[in-house]
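> Here you go, one structure.
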Amino acid sequence: MARSQIWFFAFGTLTLALLFASSIAVVSADDVLVLTEDNFEKEVGQDRGALVEFYAPWCGHCKKLAPEYEKLGASFKKAKSVLIGKVDCDEHKSVCSKHGVTGYPTIQWFPKGSLEPKKYEGPRTAEALTEFVNNEGGTNVKLATVPSNVVVLTENNFNEVVLDNTKDVLVEFYAPWCGHCKNLAPIYEKVATAYKFEEDVVIANLDADKYKDPAEKYGVSGYPTLKFFPKGNKAGEDYDGGRDLDDFVSFINEKCGTHRDGKGQLTSKAGVLEVLSDAVKELVAAADDGKKAALSKIEEEVAKLEGSAARYGKIYSKVAKSYAEKGSDYAKKEMERLNRMLEKSISAAKADEFTLKKNILSTFVA
């Protein structure tokens, strides 16, 4: 367990976790240890060898390396004698300067017990990096296969997936040799990962160099070309937005009515239905003898809902019944309980469930 995790669980409260957040290590979701000015020498040069990538967020070569480095981190996450880490040199300039970093990405190997690095000069692929770390660290780790959340399209499944009127589908038409496509790949994978729990949203791609017919049908002449195929309109709309993660997230949320951030977490707007706001306000304002009528109105409105709104409506109904039975303090106390649950280590599905309920509960707080 990393020092950051030990500190966090030892104190066990959000307040103390925030107090120490700036001075402790954080393990990112991609199994690569985020190194900072505060924790670098506590983690590197200690009781295990360390491969460290010094990068800048704006660097194109760094973005291209990112998915390969993430595969490396996933492969070595259980290797106790090896650390795979990275430093944002824009944010932690002194660390990078101290270790002679003048260009990005710079990859260095720090042997066990030493802060004197050996620069990595080999190919920037997960395979080559794995071989290097195994040789330097005396390990025998095999490269892990990282599953993709991007739906791979072919001529055989294109119509089945893309023309499904129950799905909103974003399609990247790419060519394997295309440099811009390679740069987009790690970002596009993050987009797919962010929406993997949205049943009605599909993030897909098609090798248009191999499967030319679908690409020609939709007028694709350059790579990458991105087209959006919403429910009920499968002619295909050109995506002309930016190609950063936040750009894609904003586009999908607007077009699909979803409420996710770049990490795939639900935002505070998720599950909140404006169509029920007036009925909820009536229940909150009602005297005890009027709560039954206000509750009936909510249930009538919920019965009219369809699709994902119907799912959220069921949560509204349950919350409304509990509110009517347990009183005005119910919503606030239940939100506090859910916040405590969300601070614990729980599955993504549970986090979605608790966040939706918490957001809906917030509409019942006067």
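> At 7 Å along Cα-to-Cβ for each site, give me the label-to-label distance between ASP238 and ALA285 in nm.
Reported label-point gap for ASP238 and ALA285 is 4.9 nm.
> Right, here's the next one. Taking the 0 to 90 degree range and rounding to the nearest ten, how far is the long axis of helix 307-326 tilted relative to the main principal axis of the chain, both from C-alpha atoms?
Helix 307-326 sits roughly 60 degrees off the main axis of the chain.
> Right, here's the next one. Quick one: helix 291-303 against the long Cα principal axis of the chain, what's the angle to the nearest 10°, folded into 0 to 90?
Compared with the principal axis, the helix lies near 60 degrees.
> So, with a 1.4 angstrom probe, what is the percent of accessible area on the range 219-366 that is carbon and sulfur?
On the way: 3930 of 8390 Å².
Looking at the range 219-366 in its full context, I get 47 percent from C and S.
> So, for the chain, what is the accessible surface per residue at a probe of 1.4 Å, expressed in square angstrom?
Numbers: 19990 Å² over 366 residues.
Here the per-residue accessible area is 55 Å².
> Tally Lys and Arg at +1 and Asp and Glu at -1 over the other residues with C-beta under 13 Å from the C-beta of SER148: what net charge comes out?
Details: positive: LYS71, LYS190, LYS196; negative: GLU70, GLU172, GLU189.
Neighbourhood net charge equals 0.
> Would you work out if the range 24-100 is rounded, prolate or oblate? Take a ≥ b ≥ c from the square roots of the eigenvalues of the alpha-carbon gyration tensor; rounded if a/c is under 1.5, else prolate when a/b is larger than b/c, oblate otherwise. Walk me through the numbers on the way to the answer.
Numbers: a/c = 1.83, a/b = 1.07, b/c = 1.71.
Taking the square roots of the gyration eigenvalues as a ≥ b ≥ c, the range 24-100 is oblate.
> If you look for lysine pairs in the range 236-316 that are eight or more places apart or on different chains, how many of them have Cα atoms under 29 Å apart?
So the count works out to 23.
> Cβ under 14 Å from LYS98's Cβ, LYS98 left aside: what net charge do those residues give with Lys, Arg +1 and Asp, Glu -1? Please report the intermediate quantities before stating the final value.
Numbers: positive: LYS93; negative: GLU37, ASP38, GLU41, GLU116.
Surrounding charge for LYS98 is -3.
> Taking the Cα centre as origin and putting +1 on Lys and Arg beta-carbons and -1 on Asp and Glu beta-carbons, what dipole magnitude results for the range 185-268, to the nearest 20 debye? The partial results should precede the final answer.
Working: 12 positive and 16 negative charges, 37 e Å.
Using only the charged Cβ atoms, the result is roughly 180 debye.
> Just grab the label-to-label distance for GLU306 and LYS78, each label 7 Å out from Cα along the Cβ direction, in nm (one decimal).
Computed distance between label sites GLU306 and LYS78 equals 4.8 nm.
> Pairing the Cα long axis of helix 329-342 with the longest principal axis of the chain, what angle in degrees results, from 0 to 90 and rounded to the nearest 10?
20 degrees
> Now for a different question. Report the calculated FRET efficiency for GLN46 and GLU199 (r = Cβ-Cβ distance, R0 = 41 Å), to the nearest 0.05.
Values: r = 45 Å, r/R0 = 1.10.
So the FRET efficiency works out to roughly 0.35.
> Which value, in Å to one decimal place, does the Kirkwood hydrodynamic radius take for the range 29-153 when every pair of different Cα atoms is included? Intermediate values should be presented prior to the final figure.
Details: mean 1/r = 0.0683 Å⁻¹.
For the range 29-153, inverting the mean 1/r across all distinct Cα pairs yields 14.6 Å.
> How much accessible surface area, in Å² rounded to 10, belongs to the heavy atoms of ILE84 with a 1.4 Å probe?
Accessible area of ILE84: about 10 Å².
> Among PHE364, PRO111, CYS181, whose Cα lies farthest out toward the positive end of the dipole of the chain, if unit charges sit on the beta carbon of Lys, Arg (+1) and Asp, Glu (-1)?
The one lying farthest along the dipole's positive direction is PRO111.
> Sticking with this one: Report, in debye and to the nearest 20, how large the dipole of the chain comes out about its Cα centre when Lys and Arg carry +1 and Asp and Glu carry -1 on their Cβ. Could the numbers behind the result be given before it?
On the way: 50 positive and 55 negative charges, 205 e Å.
The calculated dipole for the chain is roughly 980 debye.
> As a test question: what accessible area, to the nearest 10 Å², does THR166 have when a 1.4 Å probe is rolled over all protein chains in place?
About 80 Å², ignoring ligands and nucleic acids.
> Taking only the Cα atoms of the range 257-327, how large is their convex hull per residue, in Å³?
Values: hull volume 6.3 nm³, N = 71.
Considering the Cα atoms of the range 257-327, their hull volume per residue is 89 Å³.
> Right, another one. What trypsin sites (Lys or Arg not before Pro) in the range 293-347 are in a loop by DSSP, with at most 16 other Cβ atoms within 10 Å of the Cβ? Intermediate values should be presented prior to the final figure.
Working: sites: LYS297, LYS304, ARG311, LYS314, LYS318, LYS321, LYS326, LYS332, LYS333, ARG337, ARG340, LYS344; in loops: LYS304, LYS344.
When the trypsin sites (Lys or Arg not before Pro) of the range 293-347 are filtered for loop state and at most 16 Cβ neighbours within 10 Å, LYS304, LYS344 remain.
> Which one of PRO214, GLY138, GLY232 has its Cα pushed farthest toward the positive end of the charge dipole of the chain, where Lys and Arg give +1 and Asp and Glu give -1 at the Cβ?
GLY138
> When the helix-only estimate is applied to the chain (DSSP H runs of n ≥ 4, each -39,500 (n - 2.57), divided by the residue count), what is the mean residue ellipticity at 222 nm, nearest 500 deg cm²/dmol?
Numbers: 15 runs with 164 residues, N = 366.
Computed ellipticity for the chain at 222 nm equals -13500 deg cm²/dmol.
> Please report, in Å, the Rg and the Dmax of the range 110-268, where both are computed over Cα atoms only.
For the range 110-268, the Cα radius of gyration and maximum Cα-Cα distance read 19.2, 61 Å.
> Give me the number: length gained by fully extending SER345 to VAL275, i.e. 0.36 nm times residue separation minus the C-alpha to C-alpha distance, one decimal in nm.
Working: separation 70, 0.36 × 70 = 25.20 nm, distance 3.36 nm.
Extra length from SER345 to VAL275 when fully extended: 21.8 nm.
> Using a 4.7 Å Cβ cut-off, which Cys residues in the chain lack a partner cysteine?
Isolated Cys, the chain: CYS256.
> With 22 Å as the limit, write out which pairs from LYS77/LYS350; LYS182/LYS210; LYS142/LYS182; LYS71/LYS227; LYS42/LYS80; LYS80/LYS112 have Cα-Cα distances beyond it, or answer none.
LYS77/LYS350; LYS142/LYS182; LYS71/LYS227
> Let me ask you something else. With a ≥ b ≥ c the root eigenvalues of the C-alpha gyration tensor of the chain, is it rounded (a/c under 1.5), prolate (a/b larger than b/c) or oblate?
In terms of gyration-tensor shape, oblate.
> With a/c under 1.5 counting as rounded, go ahead and sort the range 206-248 into rounded, prolate or oblate using the C-alpha gyration tensor (a ≥ b ≥ c being the square roots of the eigenvalues; past the cut-off, prolate if a/b is larger than b/c, else oblate).
Working: a/c = 2.36, a/b = 1.26, b/c = 1.86.
Verdict is oblate for the range 206-248.
The values are calculated or read from the model by the stated rules, or taken from the named source; none is laboratory data. Not measured: the values here are computed from a predicted model. Here Cβ is always computed from backbone atoms with ideal geometry, including for glycine, and neighbour counts include all displayed protein chains. For accessibility, only protein heavy atoms count, side chains too; no ligands or nucleic acids. Shrake-Rupley method; radii C 1.70, N 1.55, O 1.52, S 1.80 Å.
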